[in-house]
1. How about A:Lys168: which lysines have a C-alpha closer than 16 Å to its C-alpha, ignoring those fewer than 8 places off in the same chain?
2. Among A:Leu53, B:Phe355, B:Tyr176, whose Cα projects farthest towards the positive end of the dipole of the protein assembly as shown, with charges put on the beta-carbon of Lys, Arg (+1) and Asp, Glu (-1)?
3. Rounded to the nearest 0.05, what FRET efficiency do A:Glu24 and A:Thr216 give with R0 = 30 Å and r taken as the Cβ-Cβ distance? Could you check?
4. Calculate the dipole size of segment A:201-286 relative to its Cα centre from +1 charges on Lys and Arg beta carbons and -1 charges on Asp and Glu beta carbons; express the result in debye to the nearest 20.
5. Report, ordered by chain and residue number, the aspartates and glutamates lying within cross-link reach of A:Lys50, taken as a straight Cα distance under 12 Å and ignoring same-chain residues fewer than 8 apart.
6. Within 10 Å of each Cβ in A:191-198, how many Cβ atoms from other chains are there, averaged over the peptide?
7. Quick one: of the DSSP bridges fully inside the protein assembly as shown, what percent are antiparallel, nearest 5?
8. So what are the ³J(HN,Hα) numbers for segment A:229-237, from phi and the Karplus equation (6.51, -1.76, 1.60; θ = phi - 60°), rounded to whole Hz, Gly and Pro as x?
Amino acid sequence: MAYRFDTVDDVRTRLKGADYLADEGIAGVVYLADRLGKPIIVEGPAGTGKTQLAKSVAEITGARLIRLQCYEGLDESKALYEWNYKKQLLRIQAERNSDSTWEELETDIFSDEFLLTRPLLEAIMAEDPVVLLIDEVDRVEVETEALLLEILSDYQVSIPELGTVEAKQIPLVFLTSNNTRELSEALKRRCLFLHIDYPDLEREKEIVLTKVPDITESLADQVARIVRSIRQIELKKSPSVSETLDWARTLMLLGVESVTEADAADTINVLLKYQSDIAKAVKELADDKGGQRRALGKIAP
Amino acid sequence: MSDIEVPAGELKIVGGPMLELLNGFIRELREAGLPVSLTENLDAMQAVKHIPLEDREAFKYALAATLVKNNTHWRAFETVFEVYFSLRGREYKLGDELDDLLAGDEDGDGQEAPEGMDGMRGSGGGGEAMTPEELAEMLYKALQNGDEALMRALARQAVKRYAGMEPGRPVGGTYYLYRTLRNLDLDAVLDKLMQQRKAEAPDLSTLEERLEHDEYEHRIEQLKKEVEAEIRRRLVADRGVEAMAKTLRKPLPEDVDFMHASREEMVSLRKAIYPLTRKLAVRLARKRRHGRKGPLDFRSTVRHSLSYGGVPAEPKFRYPRPSKPEIFVIADISGSVAAFARFTLHLVYAISNQFSKVRAFVFIDGLDEVTRFFEGVDDIADAVHRVNTEADVVWVDGHSDYGHALEVFWQRHGREVSTKTTVLILGDARNNYHASQSWVVKEIQKKARHVFWLNPEPRSYWDTGDSIVGEYGAHCDGTFECRNLRQLEKFVENLT
């Protein structure tokens, strides 16, 4: 089988071409997933680009992205396949006057024509290259996870009436999780595991530079550094990468060239979403920690 | 940077020394508590075949992706990885350099660090001759410029000079780390860096100052990591991989013992508790929604039957009304068990919407109600901190006196205990040989729905010395050993 990527660096450069800046770990795991033909569980705080990774990989490999958004109560008929029973009924009614036998009819109504494919089956049956994204897999109940197991380990779906459908080609599969619950061992065992954390200073700056057009390097640097400082404070919700980008865009719109405390205090609500967090961050940022505290009260909290 | 000793060719058929090494590595991971299954083991073997071995980072992530499926285990993995794979390269491939380093020669890294090193060469031509002042000066410069190569070299030099490592000496790595860092006095360096920065640019705003400060702090953290890595490298060289891995083995955050947690472990515990409470809250909320159906709702069934022509085809059930107990937490916050009380309060309050009311009392030898600290507060950690600093809990001498504390509780709040109340008593029941007053617990049990005693001590220590948990336990509906987050989480989950 032809591999999609030549080297780890190849993954990285191509992702970069699609405006996704991968670090060593991300590129390495994507490369391995391709080589080993295994799905990836992507875990990490919200807004660090988990879903975007799948989209970007689809983009660079020229594959179609098939997405299954998970939610509580997701079941087989929404995830795998369903029989189009209305059409089946019509078929039966239409048969009524002709003299075909029961066996003929039965094989007829349980054929591909009456099968409604849902994302998982669609990914398996696809002729063209696909990337399957199973988003927020931690939202389904533990029991529903079992639906995924056959697909993830053998890339096949068993349909009682039709038999087993095997994949024509092995799709790249991404499962994302916000870690609201522990995924089952069975699921984890079948996958590679990738934890995407907040990026380090350099990478975040790069991301800002790539994603926010026309931003100056010095502003991007400052934004990344302020965000790093804020993430060190114990907050209810640390700013995510997407919030960093929103903030950088806000600053650009306001025509800020270099962030002052007042700018930061005025626009920090783009970064942080809880009032208590905002108050805390504004207070912390005004505090120089160096012992020689200047006259406070420069910023109204 | 080929740090791994097996030539690439040999790996194509994973076998021989590499297989040996990986097996040892995985065994060690299991020893450290990571659940590595056989399939994952095989996956790892497969994965490394596809990775160019020269690339140590890629090698590391290949192993991590196949073996570590939980982010809290990452640290444990990293430690084991460092022990197994970093030194080996130096030992085999860079053997000469290592000898040089041990002999005090810095040449190996000298080329990478031009500007700082020049001064050093000029003054002595080798690391050996560098005075402590020169070392400090160079370190200062390296930190100021963020020169990573120089920092790495200096970290090695500092370890060699200050750690005083002797082969075969059975001392842990933390001891050497402490000795090295004490001599470097990084806090003072940080102050000095900040002062100079301020002197250079007097019009820095507080925000900018703060950012500079964070930047320097970050660099110093890097330096500390380098020092730590260097010490580890040397220890492994001295004692061998397996022995070293064993000494470095640390419990996973959820298995850390509350009573004996080091400061660093405390930090990791505090970090671990946030996701834990969130998971617990989600799980409980779900359990409630999906809980067993209640009794038949006759009215609703009849109403829905209209759409089936009067046939009650779809029976409707009442939602169960889950009982929401009142929780009274009575916690010993004296030194030895303070951390335990803190985590329990944290956890109980994090899921307080599962209870109709939560009231907290803390004691050492006197008792104080601290519910007020938690009311209308977003930040539980902050409230817990206030409990520790502001509550009035000392009556005579500040040594635990369960008897007196319980008596006070009974006098002041005994009346408020009702059949809806679940009382949790937290503590090791080490009463310093005071009177136990266990009749209070007995009385509480008569009135309350449940009384549970949570003890952070291992069960085998119970009722030894001045511990009288058995005496109290006789009147409780259950006594539980809660030594780590795992046990605590399990208890709290069953509570609702």
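1. Output for A:Lys168: A:Lys38.
2. Of A:Leu53, B:Phe355, B:Tyr176, it is B:Phe355.
3. E between A:Glu24 and A:Thr216, to the nearest 0.05, is 0.60.
4. Using Cβ point charges on Lys, Arg, Asp and Glu, segment A:201-286 gives about 400 debye.
5. Within the straight-line cut-off, A:Lys50 pairs with A:Asp135, A:Glu136, A:Asp197.
6. Per residue, the average neighbour count from other chains is 5.
7. Beta bridges within the protein assembly as shown, antiparallel portion: roughly 25 percent.
8. Per-residue couplings from phi come out as 4, 5, 5, 6, 6, 6, 10, 5, 9 Hz.
Coordinate-derived values only; no laboratory data. Just so you know, these numbers come straight off a predicted model, no measurement behind them. Note that we place each Cβ from the backbone using ideal geometry, even for glycine, and neighbour counts take in every protein chain shown.
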